[in-house]
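Beneath this line is the structure, given in structure tokens, with notes to follow.
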Amino acid sequence: MNAVNLLGFDLEGLAAFCEQLGEKRFRATQLFRWIHQKGASDFEQMSDLAKSLREKLRGKAHITALPVISEHVSADGTIKWLFDVGGGNAVESVFIPEDDRGTLCVSSQAGCAVGCRFCSTGHQGFSRNLDTAEIIAQLWYAEHSLRQRFKSSERVITNVVMMGMGEPLQNYSALVPALRMMLDDHGYGLSRRRVTVSTSGVVPMIDRLREDVPVALAVSLHAPTDPLRDQLVPLNKKYPIAELLEACNRYLEKAPRDFITFEYCMLDGVNDTPEQAEQLVKLLRGKVSCKLNLIPFNPFPASGLKRSSNARVQAFAEVLIKSGIVTTVRKTRGDDIDAACGQLAGEVQDRTRVEQRMVRAPVVVHGLGGRNPQ
């Protein structure tokens, strides 16, 4: 039996592993608590485990975090880590402290194959999926290093958002065990309301998540019409808006919240006009229970796009709010260390030749007369 990283097992998987060693299930629960609640990586630390089990584990298993390449701390307290996942690839995770919560943004892939125009990760291309151990290792390292840093015996990370590098629902088999570890009372003990999966709209996998582990759902919408969303979120050509909204309504039947969060990145002259706000109202009001999260665009040279002005964002939000749609404008955090939404890039050995496919052609806005960024 090759040595395995125990960070890759949810409780059921760890119980099966322990059974292979001839151990009872309660031993798996003890081991699981030591790993995730206490942050132990040395089997000798696990004082209530039988010595015979500790001896079995040596050579057959290990608890290994991802190597940290760099850490950057923003002026607002946001922390960004760059983790080495091997093969020339690195992924980023971001901790966002607030008065009433501590949120960790976790990556699920080295790069991303979706290729959204406004996302820095997408412009790097795609290398590979992370495995479950690599996903949960980001949380494991962040939680236990932050406890030491803040000299806290209490949980520091209260919320997890799968909004880092990658499309989580395109790495479904590794995502689900990681989510189960986050929710497990013997692990991180987070409620389903406090774990969010963000997706660009992989409709079949939204339906699977609804059945397997329905946590909070955030959907990258970014446009009120299919022609525009086709340009901004290429996955829309496969799963257009109408199909996506139907999947959202199905998801709400088992969701921990009574609304879907729609993310909407505000792009100057592209999707930020009052007319487009009215189109969004017509699309959503009475059709799906939702909350709109307007996100100031964080520019990067390869996108060819610009951030909407504050006045334009506020005018757009007013149209939505007056229509009765709950709307917030996301506060930009960590942009001085490139840790804000859409800025996570890491290092990716691109297998998709994205630079040859994604060009800085202007986004064409049909029938609204909006100017196009050059």
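With bins 5 Å wide beginning at 0, the percent of Cα pairs of region 189-342 falling in each bin runs 2, 9, 18, 22, 21, 16, 9, 3, 0.
Going by C-beta contacts inside 10 Å, put Cys248, Cys265 in order with the fewest on the left.
Cys248, Cys265
Note on the chain: with a GNM built from Cα contacts shorter than 10 Å, the maximum mean-square fluctuation among Glu134, Glu243, Glu143 falls on Glu243.
Arrange Thr78, Thr199 by Cβ neighbour counts within 10 Å, fewest through most, would you?
Details: Thr78 21, Thr199 24.
Fewest-to-most ranking of Thr78, Thr199: Thr78, Thr199.
Roughly how many whole Å is it from the C-alpha centroid of region 250-293 to that of region 131-162? The distance from the Cα centre of region 250-293 to that of region 131-162 comes to 31 Å. Inter-label distance, Asp258 to Arg285: 2.0 nm, where each label sits 7 Å from its Cα along the C-beta direction. For Val326, the amide hydrogen comes within under 5 Å of the amide hydrogens of Leu292, counting only partners 5 or more places away or on other chains and with H modelled in the peptide plane. Taking the Cα centre of the chain as reference, the dipole from Cβ charges on Lys and Arg (+1) and Asp and Glu (-1) amounts to some 300 debye.
The distance between label points at Asp185 and His72 comes to 4.1 nm (points 7 Å beyond Cα on the Cα→Cβ vector).
Got the relative contact order for region 4-62 handy, in percent, Cα pairs under 8 Å and 6 or more residues apart? Averaging sequence separation for qualifying contacts and normalising by length gives 37 percent for region 4-62. The aspartates and glutamates within cross-link reach of Lys254, meaning a Cα-to-Cα straight distance under 19 Å and a gap of 8 or more places when in the same chain, are Asp184, Asp207, Glu211, Asp212, Glu243, Glu246.
Please state the equivalent ellipsoid semi-axes for region 1-57: what are the square roots of 5 times the Cα gyration tensor eigenvalues, largest first, in whole Å?
Numbers: eigenvalues 43, 35, 26 Å².
Ellipsoid semi-axes (Å, largest first): 15, 13, 11.
In this simple spin-label model, placing a label point 7 Å from the Cα along the Cα-to-Cβ direction at both Ala311 and Ala242 gives a separation of 3.9 nm.
Taking only the C-alpha atoms, wrap a convex hull around region 1-98 and report its volume per residue in Å³ as a whole number.
It is 129 Å³ per residue.
Subtracting the Cα-Cα distance of Ser323 and Glu55 from 0.36 nm times their residue separation leaves 90.1 nm of extension gain. Segment Arg330..Glu98, full-extension length gain: 82.2 nm, with 0.36 nm per residue of separation and the alpha-carbon distance subtracted.
Our summary of shape: the Cα atoms of the chain have principal axis extents of 73, 41, 38 Å, ordered from largest down, in whole angstrom.
Mind checking which of Ala255, Val195, Leu267 is farthest towards the positive end of the chain's charge dipole, using Cβ charges of +1 (Lys, Arg) and -1 (Asp, Glu) about the Cα centre? Towards the positive end, the residue furthest out is Ala255. Taking 0.36 nm per residue of separation and subtracting the Cα-Cα distance, full extension of the segment from Ser47 to Ala3 would add 13.7 nm.
What relative contact order, as a whole-number percentage, does region 64-217 give when Cα pairs under 8 Å and 6 or more residues apart are counted?
19 percent
Between the listed residues Pro224, Cys112, Pro67, the Cα displaced farthest toward the positive end of the dipole of the chain, a dipole computed from Cβ unit charges relative to the Cα centre, is found at Pro224.
How high is the relative contact order of region 1-144, in percent, counting Cα pairs under 8 Å that sit 6 or more residues apart? Intermediate results must be reported in sequence, preceding the final value.
Values: 207 pairs, mean separation 30.8, N = 144.
Value for region 1-144: 21 percent.
Net charge in the neighbourhood of Arg285 (other residues with Cβ under 13 Å of its Cβ; Lys, Arg +1, Asp, Glu -1) is +3.
For region 123-140, backbone nitrogen atoms closer than 19 Å to the point 7 Å from Lys38 Cα along Cα-to-C-beta are found at 140.
Once the cut-off is 17 Å, how many percent of the Cα-Cα pairs in region 95-220 end up in the long-distance tail? Could you put the intermediate results ahead of the total?
Working: 4386 of 7875 pairs.
In whole percent, the share of Cα-Cα pairs in region 95-220 beyond 17 Å is 56.
What does the net charge come to around His144 if you take all other residues with beta carbon closer than 11 Å to its beta carbon, with K and R at +1 and D and E at -1?
Values: positive: Lys38, Arg147, Arg149, Arg155; negative: Glu143.
With Lys, Arg at +1 and Asp, Glu at -1, the neighbours total +3.
For Glu98, the residues whose modelled amide H falls within less than 5 Å of its own, excluding neighbours fewer than 5 places apart on the same chain, are Thr103.
Every number here is computed from the coordinates shown, using simple stated rules; none is lab data. A quick note: this is a predicted structure, and the numbers were derived from the prediction, not measured. Cβ: placed from backbone, ideal geometry, glycine included. Neighbour counts: every protein chain shown.
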